[in-house]
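The structure under discussion appears below in the form of structure tokens.
The values are calculated or read from the model by the stated rules, or taken from the named source; none is laboratory data. Source: prediction; values computed, not measured. Backbone-built Cβ (ideal geometry, glycine too); neighbour counts: all protein chains shown.
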Amino acid sequence: MKFSLFLHLERVSTDDSQKELYEEFLELCQIADQGGMHAIWTGEHHGMNFTIAPNPFISLVDLARRTKNVRLGTGTVIAPFWHPIKLAGEAAMADLIMDGRLDLGVARGAYSYEYERLMPGMDAWEAGQRLREVIPAVQKLWQGDYSHDGEYFQFPKTTSSPKPLQQPGPPIWVAARDPNSHDFAVANGCNVQVTPLWMGDSEIESLMERFNTACASNAGMPRPKIMLLNHTYVAASDEDAQLAAEEINRFYCYFGAWFKNEREVSQGLIAPLSEDEIAAHPFYSAEAMLRDNVIATADTVIERLQKYQALGYDEYSFWIDSGMSFERKKASLERFIQDVMPVFQ
């Protein structure tokens, strides 16, 4: 099982300098590269300081000049916000600049806050249908001389310009949850990204079952790879793990608030949650975070990851977004590299 780092710029206060946040983002990525991680992933979000990531290709091209070994992946671009010709060309250009280190992760998106600003009237179902049209079109544009007459896009014969360095193209990863998404990914020769979010090991097992079912249903296709994205904190002590659980619980309360899209947003920051609101959340709690995410000292983290490896996951992505200070993120990542990863090598 390979290991990767998944991160964005997180801005939780107007006091946070966006420039300093980017410098901290770069340092975490360089630690991952120098520590032997396989890949770095960063995504696409708009108008949200919760995850500052307007175009992952810009960040990844910058990282390509500051790192040596890691693969660099979009985790993920939001398919409905892209025309296939534009996505094919920009991804190919990034792959050229990055010396063939690009992995292209694609999702339908999750936040109605973004939908209503960039694609007013679009719902999650339509977003999923757009993803299913965009990905095959991108694959064919990379091969060239492709015309398209779909539900959402129509264009005459076109070739991606440039073409990607990797042939037939960078690996494509589909963010999948429901069985149909797994089936689409496998049938179209794509790898699969999954995340249990706050739902724990039972969801991790269920996601692998959905993937295995899709592979069995597409027996003529090569078995793709599957990556598990999970919130992770390697603690210095049990007390440190408890603090991390409280921090990640707060993160998920804000995640849920953004997802519901009911609170006021000003200057890209959502209206603060009160301590009573955080304490009263029906299924987020520090205890649940400890149980359902990988938040523990190194020995327990190793045990959890060995279980995921045995289930068949090819890659485990250390999701470091957490609302924590940079210093706490850095210490946890360094403990992961020093104390956890060597067991799997």
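Only one residue in 292, 321, 276 is closer than 26 Å to residue 111 by Cα and in contact with a Pro (Cβ under 9 Å, 6 or more places away or on another chain). Which one? Outline the logic, then answer.
On the way: 321 fails: in contact with a Pro (Cβ under 9 Å, 6 or more places away or on another chain); 276 fails: in contact with a Pro (Cβ under 9 Å, 6 or more places away or on another chain).
Among 292, 321, 276, only 292 is closer than 26 Å to residue 111 by Cα and in contact with a Pro (Cβ under 9 Å, 6 or more places away or on another chain).
Which members of segment 208-262 meet the condition of being crowded, with 17+ Cβ neighbours inside 10 Å and touching a Cys at 6+ places or on another chain (Cβ under 7 Å)?
Correct list: 224 only.
Which condition from (1) modelled with pLDDT of 95 or more; (2) touching a strand residue (DSSP E or B) at 6+ places or on another chain (Cβ under 9 Å) is the one that residue 162 breaks?
Every listed condition holds for residue 162 apart from (2).
Conditions (1) in a loop (DSSP other than H, G, I, E, B); (2) more than 25 Å from residue 215 (Cα to Cα), marked per residue:
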| position | (1), (2) |
| --- | --- |
| 148 | no, yes |
| 157 | no, yes |
| 177 | yes, no |
| 181 | no, no |
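Of the residues 42, 51, 67, 74, which is hydroxyl-bearing (Ser, Thr, Tyr) and over 14 Å from the mean Cα position of the chain (by Cα)? Give the steps one after another, and end with the answer.
Working: 42 fails: over 14 Å from the mean Cα position of the chain (by Cα); 51 fails: over 14 Å from the mean Cα position of the chain (by Cα); 74 fails: over 14 Å from the mean Cα position of the chain (by Cα).
Of the residues listed, the single one that is hydroxyl-bearing (Ser, Thr, Tyr) and over 14 Å from the mean Cα position of the chain (by Cα) is 67.
(1) modelled with pLDDT of 95 or more; (2) over 20 Å from the mean Cα position of the chain (by Cα): which one isn't true of residue 329, the others all being true?
(2)
Looking only at helices (runs of 4 or more DSSP H) that fall completely inside segment 280-345, which ones have 2 or more residues that are in contact (Cβ under 8 Å) with a residue 40 or more places away in the chain, within 18 Å of residue 202 (Cα to Cα) and of a type in the set (A, V, I, L, M, F, W, C)? It would help to see each step written out before you state the result.
On the way: elements: 286-292, 298-311, 326-335.
It comes to 286-292, 298-311.
Could you tell me whether segment 265-282 includes any residue that is touching a strand residue (DSSP E or B) at 6+ places or on another chain (Cβ under 6 Å) and surrounded by fewer than 21 Cβ atoms within 10 Å (Cβ to Cβ)?
As a first pass, look at segment 265-282 and keep what is touching a strand residue (DSSP E or B) at 6+ places or on another chain (Cβ under 6 Å): none.
Taking every residue of segment 265-282 in turn, none turns out to be touching a strand residue (DSSP E or B) at 6+ places or on another chain (Cβ under 6 Å) and surrounded by fewer than 21 Cβ atoms within 10 Å (Cβ to Cβ).
Six or more apart or on different chains, Cβ atoms under 6 Å: show the pairs whose first residue is in segment 208-221 and under 13 Å from residue 314 (Cβ atoms) and whose second is among the β-branched types (Val, Ile, Thr) and assigned to a helix (DSSP H, G or I).
Sorted first by the residue in segment 208-221, then by its partner, the pairs are 215/186.
Only one of these is modelled with pLDDT of 95 or more, not in a helix (DSSP H, G or I) and not polar (S, T, N, Q): 263, 250. Name it.
Numbers: 250 fails: not in a helix (DSSP H, G or I).
Being modelled with pLDDT of 95 or more, not in a helix (DSSP H, G or I) and not polar (S, T, N, Q) holds for just one of 263, 250, which is 263.
With (1) in a helix (DSSP H, G or I); (2) without any contact (Cβ under 8 Å) to a residue 60 or more places away in the chain; (3) touching a strand residue (DSSP E or B) at 6+ places or on another chain (Cβ under 9 Å) as the list, and residue 24 as the residue in question, which single condition is left unmet?
(2)
Sort out which residues of segment 304-319 are surrounded by fewer than 23 Cβ atoms within 10 Å (Cβ to Cβ) and small (Gly, Ala, Ser), and write them in order of number.
Listed by number, the residues that qualify are 310, 312.
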